[in-house]
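Worksheet: the structure to be examined is printed underneath.
The values are calculated or read from the model by the stated rules, or taken from the named source; none is laboratory data. Just so it is clear, the structure is predicted and the values come from calculations on it, not from any experiment. Quick reminder, even Gly has a Cβ in these numbers, built from the backbone with ideal geometry, and neighbours come from all protein chains shown. In case anyone asks, the SASA skips ligands and DNA or RNA and just uses the protein heavy atoms, side chains included. Shrake-Rupley method; radii C 1.70, N 1.55, O 1.52, S 1.80 Å.
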Amino acid sequence: MGKSIAPADRKGVLLLSRPVGDKCRHITIELDEVTPPPAPGQFYMIREWGVFDPLLGRPLASVASDGRRLEFLFQVIGRGTSRLASLSSGAALELRGPCGKGFPESSGKKLLLVAGTLGIVPFLGPATTLRGMADVTTVLGVPGKGWEPFVEWCKERIPGIRLNSDDGLLGRRGDPVEDSLALAEPEHEVWGCGPEAMLREMGRVYEKGCKRVYISMERRMGCGVGGCLSCSIATASGMKRVCADGPVFDWRDVFGEDHGI
């Protein structure tokens with residue numbers, strides 16, 4: 001994993017688009033130039049080239065990158081993502097990115113990755129590339145029934161992934177935070193990405209002696225580069241823009257004051 005690189009406007013072509021169950025879409029885009037790989041947690045603002053309805057790009061974290069080709073996995077939930085999911089191979093795309101600050105270089109020999117549904121996306125790379133350099137454990141939580149194709153897709157890419165579901169049909173019954181608490185040790189560095197309620201609860205790993213806990217926040221975004229301020233959040237050190245100052249933050253900066261940490 002390298003350092004976060006500055007965003008730029010780029011053009012790309014859709015090479016592959018396929019459904020992952022009836023909830024998600026996996027796409028591959030070829031850029032018109034070679035770029036350094038984004039850091040885990042960085043994202044791209046993506047929209048169809050020359051189309052202005054919807055006007056704004058949608059922020060998507062990259063699954064993988066080889067310099068010219070980028071892979072993305074996203075949930076189809078609104079007009080923007082529905083439009084992206086409907087495009088055929090060969091469609092021209094506009095990408096702004098990679099945006100934001102990603103997860104830091106892992107400083108420890110034990111890394112615990114905690115994800116809620118699509119929060120797994122920024123961890124698909126580190127879960128494999130860091131093996132051999134660190135003891136990496138990945139914990140995923142999903143609602144349950146209906147998410148089988150998504151879970152199988154993740155299992156193919158992260159052997160040994162620990163599964164949790166609300167209904168107990170996929171993996172163990174429970175949530176990924178509870179599962180991570182059973183695993184966490186003082187030596188672990190912990191990364192989290194998922195619903196805000198899950199991220200808030202992740203502070204409980206401090207009780208296990210963990211010292212470094214980083215989370216990726218999610219907000220509606222306009223520009224993706226910090227100009228419009230639409231994604232600002234309150235932190236212990238003042239208002240911060242999720243797109244430019246984040247999306248990755250130290251957990252204590254976002255939630256620490258609420259818990260006296």
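Computed from the Cβ-Cβ distance with R0 of 22 Å, the FRET efficiency linking D32 to K155 stands at 0.05. The helix-only estimate of mean residue ellipticity at 222 nm for the chain, built from DSSP H runs of length n ≥ 4 each weighted as -39500 (n - 2.57), is -3500 deg cm²/dmol after division by the residue total. Computed about the Cα centre, the dipole magnitude for the chain is approximately 300 debye when only Lys and Arg (+1) and Asp and Glu (-1) carry charge, each at its Cβ.
Between T28, T128, T81, the GNM of the chain built on Cα springs shorter than 10 angstrom shows T128 fluctuating the most. Available extension along the chain between R252 and D53 is 67.8 nm, counting 0.36 nm per residue and deducting the alpha carbon span. Applied to the stretch 205-213, the Karplus parametrisation 6.51 cos²θ - 1.76 cosθ + 1.60 on θ = phi - 60° returns per-residue 3J(HN,Hα) values of 5, 4, 5, 8, x, 5, 10, 10, 10 Hz, with x for Gly and Pro. Summed over the residues of the chain and divided among them, the accessible surface reaches 45 Å² per residue at a probe radius of 1.4 Å.
Against the chain, whose longest principal axis is taken from its Cα atoms, helix 148-157 shows a tilt of about 80°. Near the amide H of V225, within less than 5 Å, lie no amide hydrogens of residues on another chain or at least 5 residues away, with H placed in the peptide plane. Under 18 Å from a label point set 7 Å out along the Cα-to-Cβ vector of D135, the amide N atoms of the stretch 77-118 belong to 106-114. Shape analysis of the stretch 163-261 places it in the oblate category; the axes a ≥ b ≥ c from the Cα gyration tensor give an a/c of at least 1.5, with a/b not above b/c. Each of (1) 28, 21, 17; (2) 25, 20, 19; (3) 39, 21, 17 is a candidate for semi-axes √(5λ) of the Cα gyration tensor in Å; the one calculated from this structure is (1). Take T235: with every protein chain present and a 1.4 Å probe, its accessible area is about 20 Å². Surface composition of the chain: carbon plus sulfur atoms hold 52% of the accessible area, using a 1.4 angstrom probe and ignoring ligands, DNA and RNA. Taking every protein chain into account, the 1.4 Å probe leaves V225 with about 70 Å² of accessible area, to the nearest ten. If you average the C-alpha positions of the stretch 192-261 and of the stretch 82-119 separately, how far apart do those two centres end up, in angstrom? After rounding, the separation between the Cα centres reads 17 Å.
Taken along the Cα-to-beta-carbon direction at a fixed 7 Å, the label points for S88 and S230 span 3.1 nm. Can you work out the FRET efficiency for the pair S237 and T128, with r the C-beta to C-beta distance and R0 = 25 Å, to the nearest 0.05? For S237 and T128, the calculated efficiency is 0.15.
Take the alpha carbon gyration tensor of the stretch 57-127, find the square roots of its eigenvalues, order them as a ≥ b ≥ c, and report rounded if a/c is under 1.5; if not, report prolate when a/b exceeds b/c, else oblate. Cα axes put the stretch 57-127 in the prolate bin. Counting only protein heavy atoms and using a 1.4 Å probe, the accessible area of D32 comes to about 90 Å². If R0 is taken as 30 Å, the Cβ-Cβ distance between K11 and R79 corresponds to a FRET efficiency of 0.85. Pull out a ≥ b ≥ c, the square roots of the eigenvalues of the alpha-carbon gyration tensor of the stretch 1-148, then state rounded if a/c is under 1.5, prolate if not and a/b is larger than b/c, and oblate in the remaining case. Note, shape of the stretch 1-148 comes out oblate. In the chain, a dipole from Cβ-located charges (positive for Lys and Arg, negative for Asp and Glu) runs towards its positive end, and of S65, I29, L170 it is I29 whose Cα lies farthest in that direction.
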